[in-house]
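Asker: I have a structure here, written as structure tokens, and I will follow up with some questions on it.
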Amino acid sequence: MTLDRAVLAARASAIFSQLANKGHPTGKTLAEGTDLSPPDAGDLMFAISITFAALMDLTATAGEFIEIAADRLFDAASRPAAEIVAKNFVESRAKLQAIYNNTTLASAVLPSLDNLSIAVDLRVRIEDGKVARGTPVAVLHFDTDVTGHQLWLQLNKTEVQFVIDRLKITLEEMTLAENLLDGAKEK
């Protein structure tokens with residue numbers, strides 16, 4: 001596995017941000033634009049996730065983490081990559097901790113989105129042995145962080161656009177709310 005140090009640092013930073021936001025980064029995302037094989041990307045994703053979890057709960061420096069984790073979480077050949085990932089995390093720890101704390105606060109009361117799967121189906125109506133009409137349908141599966149709390153639904157194209165438009169408005173309102181909070185914190 002070969003990966004440019006700058007690319008590794010950038011990818012690790014992006015993955016740390018996704019993890020802090022309770023996101024679901026994947027090895028496939030990590031491998032895009034690199035010569036990493038899917039298994040290598042998966043291994044690197046696992047290593048970055050373990051580093052995130054370990055360093056989020058520790059006050060260790062990157063060097064201290066590397067010394068503790070050497071030969072336990074990675075082998076000697078992986079040490080340069082582990083050093084880059086650990087250094088990148090430690091440099092961003094305060095920001096990532098703030099993101100994580102806000103995400104945890106936001107999900108404290110009700111079930112929170114854990115995963116979203118979307119498939120596009122094609123529904124057809126057959127009349128007299130021929131396709132009379134058809135339409136695409138988005139089938140959505142929302143899974144939450146609470147066992148057994150999930151939602152399945154289907155949307156037609158107009159409904160998908162409606163949801164997109166509403167989510168854009170919601171995102172703008174949330175950004176405004178964050179800006180108001182940031183302004184209140186400064187006073």
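Asker: Looking only at region 128-135, decide whether some residue is touching a residue at least 24 places away in the same chain (Cβ under 8 Å) and either surrounded by 11 or more Cβ atoms within 10 Å (Cβ to Cβ) or of a type in the set (D, E, K, R) (or both). Reasoning before the result, please.
Answerer: At the first step, the residues of region 128-135 found to be touching a residue at least 24 places away in the same chain (Cβ under 8 Å) are none.
No, region 128-135 contains no residue that is touching a residue at least 24 places away in the same chain (Cβ under 8 Å) and either surrounded by 11 or more Cβ atoms within 10 Å (Cβ to Cβ) or of a type in the set (D, E, K, R) (or both).
Asker: Considering A9, A81, A98, A14, which residue is modelled with pLDDT of 70 or more, part of a helix (DSSP H, G or I) and either within 19 Å of the chain's Cα centre (by Cα) or closer than 30 Å to A177 by Cβ (or both)? Please lay out each step first, then the result.
Answerer: Numbers: A9 fails: modelled with pLDDT of 70 or more; A81 fails: either within 19 Å of the chain's Cα centre (by Cα) or closer than 30 Å to A177 by Cβ (or both); A14 fails: modelled with pLDDT of 70 or more.
The conditions single out A98.
Asker: To continue, here is another question. Could you tell me which residue of region 37-78 is surrounded by the most Cβ atoms within 10 Å (Cβ to Cβ), considering only residues that are polar (S, T, N, Q) and in a helix (DSSP H, G or I)?
Answerer: The residue in question is T51.
Asker: Hey, could you check region 101-152 for residues that are touching a Ser or Thr at 6+ places or on another chain (Cβ under 9 Å) and of a type in the set (G, A, S) and say which is modelled with the lowest pLDDT?
Answerer: That would be A106.
Asker: On the given criteria, is F142 aromatic (F, W, Y), without any contact (Cβ under 8 Å) to a residue 12 or more places away in the chain and not assigned by TED's automatic domain parsing to the domain that holds M56? First the steps, then the outcome.
Answerer: Details: aromatic (F, W, Y): yes; without any contact (Cβ under 8 Å) to a residue 12 or more places away in the chain: no; not assigned by TED's automatic domain parsing to the domain that holds M56: yes.
Here the answer is no, as F142 does not meet what is asked.
Asker: Under 6 Å between Cβ atoms, at least 6 apart or on separate chains: pull out the pairs that start in region 153-180 with a residue that is polar (S, T, N, Q) and end on any residue that is surrounded by 10 or more Cβ atoms within 10 Å (Cβ to Cβ) and not in a loop (DSSP other than H, G, I, E, B).
Answerer: Q154/V137; Q154/V139
Asker: A further question follows. Based on this model, can you work out whether A98 counts as exposed (fewer than 10 other Cβ atoms within 10 Å of the Cβ) and assigned by TED's automatic domain parsing to the domain that holds M56? Steps first, answer last, please.
Answerer: On the way: exposed (fewer than 10 other Cβ atoms within 10 Å of the Cβ): no; assigned by TED's automatic domain parsing to the domain that holds M56: yes.
Here the answer is no, as A98 does not meet what is asked.
Asker: Pairs only if they're at least six apart or on different chains, beta carbon under 6 angstrom, first in region 44-70 and more than 14 Å from N88 (Cα to Cα) and modelled with pLDDT of 80 or more, second surrounded by 15 or more Cβ atoms within 10 Å (Cβ to Cβ) and not aromatic (F, W, Y); list them, first residue then second.
Answerer: none
Asker: Shifting gears a bit: Mind listing whichever residues of region 141-166 are surrounded by 11 or more Cβ atoms within 10 Å (Cβ to Cβ) and part of a helix (DSSP H, G or I)?
Answerer: If the condition is that a residue be surrounded by 11 or more Cβ atoms within 10 Å (Cβ to Cβ) and part of a helix (DSSP H, G or I), then K157, E159, V160, Q161, F162, V163 are the ones that fit.
Asker: Looking only at region 175-185, decide whether some residue is within 20 Å of T104 (Cα to Cα), under 22 Å from the mean Cα position of the chain (by Cα) and either surrounded by 10 or more Cβ atoms within 10 Å (Cβ to Cβ) or at pLDDT 95 or above (or both).
Answerer: Yes, region 175-185 contains a residue that is within 20 Å of T104 (Cα to Cα), under 22 Å from the mean Cα position of the chain (by Cα) and either surrounded by 10 or more Cβ atoms within 10 Å (Cβ to Cβ) or at pLDDT 95 or above (or both).
The values are calculated or read from the model by the stated rules, or taken from the named source; none is laboratory data. Just so we're clear, the structure is a prediction, and the values are computed from it rather than from any experiment. Cβ: placed from backbone, ideal geometry, glycine included. Neighbour counts: every protein chain shown.
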